[in-house]
Amino acid sequence: MLIVLRYVLPGALVLVGVVILIAGDGSDTAVEGWALFTGAGVTVFLLNFLFRMGVEGDKTRDREEAARDYFDEHGHWPDEAPRG
């Protein structure tokens, strides 16, 4: 279902825009319709992309927090050898 929202919906909107442009024979209304649907498709794609980037940043912060907790408990970082 997410694939449909992330890729198919924006692609379909851009495709509708191209069809309107071709069917309208380059009239002003057809160009405006093309711009409307293409802009909507790009917007949906970018919103999904930016949301996923934000979620990935949360995962990075969670890993850093876990590493700091490990350091507080054991006295060394998880990827370091214990100090002798």
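The values are calculated or read from the model by the stated rules, or taken from the named source; none is laboratory data. On a predicted model such as this, the values are computed, not experimentally measured, just so you know. Positions of Cβ are backbone-derived with ideal geometry, glycine not excepted, and every protein chain shown enters the neighbour counts. The area values use the complete protein model at the heavy-atom level, side chains included, leaving out ligands, DNA and RNA. Shrake-Rupley method; radii C 1.70, N 1.55, O 1.52, S 1.80 Å.
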*asked:* Which residue is nearest to Ala12 (Cα to Cα), if the candidates are limited to segment 28-61 and must be loosely packed, with under 12 Cβ neighbours inside 10 Å and of a type in the set (Gly, Ala, Ser)?
replied: Gly54
*asked:* Just checking, does segment 30-40 include any residue being in contact with a Pro (Cβ under 9 Å, 6 or more places away or on another chain) and part of a helix (DSSP H, G or I)?
replied: yes
*Got at least one residue in segment 68-75 being at pLDDT below 90 and exposed (fewer than 11 other Cβ atoms within 10 Å of the Cβ)?*
yes
*In segment 1-27, what count of residues is obtained for those that are open to solvent by less than 80 Å² (accessible area, probe 1.4 Å) and not in a helix (DSSP H, G or I)?*
3
